[in-house]
1. Label the range 93-143 by shape, choosing from rounded, prolate and oblate, from the square roots a ≥ b ≥ c of the eigenvalues of the Cα gyration tensor; if a/c is under 1.5 it is rounded, and otherwise prolate applies when a/b is larger than b/c, oblate when it is not.
2. For 125, 119, which order do you get if you count the other beta carbons within 10 Å of each Cβ and list the fewest first?
3. Relative to the Cα centre, what is the charge dipole magnitude of the range 63-137, using +1 at the beta carbon of each Lys and Arg, -1 at the beta carbon of each Asp and Glu, and rounding to the nearest 20 debye?
4. Using 0.36 nm times the number of residues separating residue 131 and residue 143, minus their current alpha carbon distance, what extension gain do you get?
5. Would you mind computing, in nm to one decimal, how far apart the modelled labels at residue 117 and residue 100 are, each placed 7 Å from Cα along Cα→Cβ?
6. Check the straight Cα-Cα distances from residue 29 and name the aspartates and glutamates below 16 Å, setting aside those fewer than 8 residues away within the same chain.
Amino acid sequence: MDPVRSIVARLHPLLKRSVSLGRGDSRLKPQAIGELGERIAREWLWARGCKVLYRNFRAPRGGEVDIVARDGRMLCFIEVKTRTRRSGGRPADAVDRAKQELIERGAREWLRLLKRNDIPCRYDIIEVLLIEGERPEVTHLRNAF
């Protein structure tokens, strides 16, 4: 890993700071929590040498991908799942077959728009755990499906 990215990975404020989700009426709404998780995932990928190409891709013919990134020569279609508690199973468990098909459809549409289908690609899931008062926990599941 590039030394600069290594330093950023250790010092980036989103990854180093403890999480504050708010209290009562000022508590972050589920959509805002999801957006924060996606932002943390993008920063985490960048700090590890990946290039984020697009976020929240919605295909004209259906399908969606949270993050499209490049990891070396590999094109990665990434679903981000964010949770605020450890109970209830792993965040990746929420990516059922129907969700996988939606992501795969988005990936096919991305490749169609590029007019390339010879690019090596994979489907990943990034789990982001945001526990009040703790640093974010990020788990990258490569080739998740």
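1. prolate
2. 119, 125
3. 220
4. Full-extension gain reported as 1.7 nm.
5. Computed distance between label sites residue 117 and residue 100 equals 2.1 nm.
6. Within the straight-line limit of under 16 Å, residue 29 reaches these aspartates and glutamates: 38, 132.
Bear in mind that the values in this text are calculations on the coordinates, not laboratory data. Since this is a predicted model, take the numbers as computed values, not measurements. We place every Cβ from the backbone using ideal geometry, glycine too, and count neighbours over all the protein chains shown.
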